[in-house]
Amino acid sequence: MHRDPSHSIPANAFGSNRRWSAAGVLAAVLLVCVLPKTAAQATLRARLRALPFKIAYESYVHGNWDIYVANADGSAPVNLTATPDQNEHYPQISRDGRQICFVSDTGEGRQVIRSLYVMDTDGRHRRKLADRARQPFWTQAGEAIGYLPQLYPIFRPNDGYTDGMVFYSLATGKTTPHPASAKLHQLYNPSFDPGGRWIAATVHGGMGIGHAIILIAARGTRFVKLNIPGCRPCLSPDGKEIAWGASDHELVVAPLDMSSDHPQVGPWRLRITDATNKVYHVDWSPDGHFLSFSRGPNGEGDPNRVGTYQVPNEMIGAYAPGWNIAVVAADRTGTLDLNHVSSAEVVEVTTNGCSNKEPAWFRDPSRDGQ
């Protein structure tokens, strides 16, 4: 594990009525102004600091993608991977907080190989599980890792460039296809519900249903459209709510009833909006009390940057200057406009704007029992 001084910049407050233009965010990457903390912000940070949780995320620093882990308030960031010859993305944490799976890209252009890896959350015992594997996710018991095989051998960085769904047994090293694997195409962002009955995912133009958020029966062949717009669903730890990106500029939280064979989403209770920047990659804290997300200006990446791709900034591998991780309380209701918030409402976990994306919470195993 390696501490990186570029991740140790003190956090800025979200000022009241503060608007971030793309140029302003890019300028902030070069010159970070440290603002005085208000008592309210200190209180919110103190709440996060007291939590026995950490947040993993991907970041582009010194011309290379790596996976970092920080405390819930953003303090003590650590580079878990530190591999100048590989580019790591998309961290996903086992429910017990002890292991992390992720993907790593090697090579250039259409010859890039995206591979699935697993390691301990302290960076030890890293091993490769599969090549041309995307969008990994943990089973509830942590005995296996699901992933989506790449659609064709030739690499493309686009979301939904997948065909099927398989599960890799950590004990045996064998892979088992999902019962409906032959019918599952162009998926991304899959994850199990806490009860292990459903797998939430986004389908992007495949399976005869266009673009939709769906639930897939974990042990069967059914899938159910949730009839909500957007992508990247994330189910709450108790399985009673769903958070997702309703658009490029809005995250939503709503109740989710999975008690029947026909799950339904209820009235939207929280909307997190940003008319200026994109907001993506929402994730629940293990206790369900907080939400993390990525936030930054629009863009299409910069293919001149080594190890990056020319795709929208929110996608894996897109160089996204000005993108940072933020945290809000999940128990609020109504609309939270990120351009008109107090420092009591949002805490920036990262502030360096180094393409920080894909946050993933987990309970720190060293603090079990707290």
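The values are calculated or read from the model by the stated rules, or taken from the named source; none is laboratory data. Since we're looking at a predicted model, the values are computed, not measured. Note that we place each Cβ from the backbone using ideal geometry, even for glycine, and neighbour counts take in every protein chain shown.
Taking the stated definitions as given, is SER355 buried (at least 19 other Cβ atoms within 10 Å of the Cβ), touching a residue at least 40 places away in the same chain (Cβ under 8 Å), over 23 Å from PRO136 (Cα atoms) and not hydrophobic (A, V, I, L, M, F, W, C)? Can you show your working first?
On the way: buried (at least 19 other Cβ atoms within 10 Å of the Cβ): yes; touching a residue at least 40 places away in the same chain (Cβ under 8 Å): yes; over 23 Å from PRO136 (Cα atoms): no; not hydrophobic (A, V, I, L, M, F, W, C): yes.
The answer is no for SER355.
Out of the residues in segment 41-68 meeting the condition of being among the polar types (S, T, N, Q) and over 18 Å from the mean Cα position of the chain (by Cα), tell me which one is surrounded by the most Cβ atoms within 10 Å (Cβ to Cβ).
GLN41
Pick out, from segment 232-329, the strands (runs of 3 or more DSSP E) lying fully within it that include 2 or more residues that are β-branched (Val, Ile, Thr) and buried (at least 21 other Cβ atoms within 10 Å of the Cβ).
250-257, 278-284, 324-329
For SER343, all conditions in the list (1) outside any loop (DSSP other than H, G, I, E, B); (2) of a type in the set (S, T, N, Q); (3) surrounded by 19 or more Cβ atoms within 10 Å (Cβ to Cβ) hold save one; what is the number of the exception?
(1)
Provide a single number: the residues in segment 346-357 that are closer than 24 Å to ILE242 by Cβ, in a strand (DSSP E or B) and hydrophobic (A, V, I, L, M, F, W, C).
1
Tell me, which residue of segment 87-111 that is surrounded by fewer than 18 Cβ atoms within 10 Å (Cβ to Cβ) and in contact with a strand residue (DSSP E or B) (Cβ under 7 Å, 6 or more places away or on another chain) is farthest from THR351 (Cα to Cα)?
Top of the filtered list is GLY107.
Give all pairs with beta carbons closer than 9 Å in which a residue from segment 174-186 that is in contact (Cβ under 8 Å) with a residue 24 or more places away in the chain meets a residue that is of a type in the set (Lys, Arg) and part of a loop (DSSP other than H, G, I, E, B); count only pairs at least 6 apart in sequence or on separate chains.
HIS178/ARG219; PRO179/ARG219; ALA180/ARG222
Restricting the search to segment 142-183, which residues are aromatic (Phe, Trp, Tyr) and closer than 21 Å to GLU88 by Cβ?
Within segment 142-183, TYR147, PHE155, TYR161, TYR168 qualify.
Could you go through segment 202-209 and let me know if any residue there is among the small types (Gly, Ala, Ser), in a strand (DSSP E or B) and in contact with a strand residue (DSSP E or B) (Cβ under 8 Å, 6 or more places away or on another chain).
Scanning segment 202-209, I find no residue that is among the small types (Gly, Ala, Ser), in a strand (DSSP E or B) and in contact with a strand residue (DSSP E or B) (Cβ under 8 Å, 6 or more places away or on another chain), so the answer is no.
Those residues that are basic (Lys, Arg) and surrounded by 14 or more Cβ atoms within 10 Å (Cβ to Cβ), I need them from segment 166-184; list them, please.
LYS183
Scan segment 257-277 for residues that are in contact (Cβ under 8 Å) with a residue 24 or more places away in the chain and in contact with a strand residue (DSSP E or B) (Cβ under 7 Å, 6 or more places away or on another chain) and report the count.
Of the residues in segment 257-277, 12 are in contact (Cβ under 8 Å) with a residue 24 or more places away in the chain and in contact with a strand residue (DSSP E or B) (Cβ under 7 Å, 6 or more places away or on another chain).
Can you name the residue in segment 319-370 that is modelled with pLDDT under 95 and among the polar types (S, T, N, Q) and is also nearest to TRP268 (Cα to Cα) among such residues?
The qualifying residue nearest to TRP268 (Cα to Cα) is SER342.
Of the residues GLY266, GLY206, only one is at pLDDT below 95, over 17 Å from the mean Cα position of the chain (by Cα) and over 20 Å from ILE55 (Cα atoms); which?
Selected residue: GLY206, the only one of GLY266, GLY206 that is at pLDDT below 95, over 17 Å from the mean Cα position of the chain (by Cα) and over 20 Å from ILE55 (Cα atoms).
Just to be sure before I move on: is VAL327 in contact with a Lys or Arg (Cβ under 6 Å, 6 or more places away or on another chain) and not charged (D, E, K, R) in the structure I sent?
Taking the combined requirement at face value, the residue does not satisfy it.
With in contact with a Ser or Thr (Cβ under 7 Å, 6 or more places away or on another chain) and of a type outside the set (Lys, Arg) as the only criterion, which of SER285, SER343 stands out?
Of SER285, SER343, the one residue that is in contact with a Ser or Thr (Cβ under 7 Å, 6 or more places away or on another chain) and of a type outside the set (Lys, Arg) is SER343.
Quick one: would you say VAL224 is more than 12 Å from MET165 (Cβ to Cβ) and either more than 21 Å from the chain's Cα centre (by Cα) or surrounded by fewer than 22 Cβ atoms within 10 Å (Cβ to Cβ) (or both)?
Answer is yes for this residue.
Residues of segment 125-173 being touching a helix residue (DSSP H, G or I) at 6+ places or on another chain (Cβ under 8 Å) and within 29 Å of SER236 (Cβ to Cβ), which ones?
Scanning segment 125-173 gives GLY164, MET165, VAL166.
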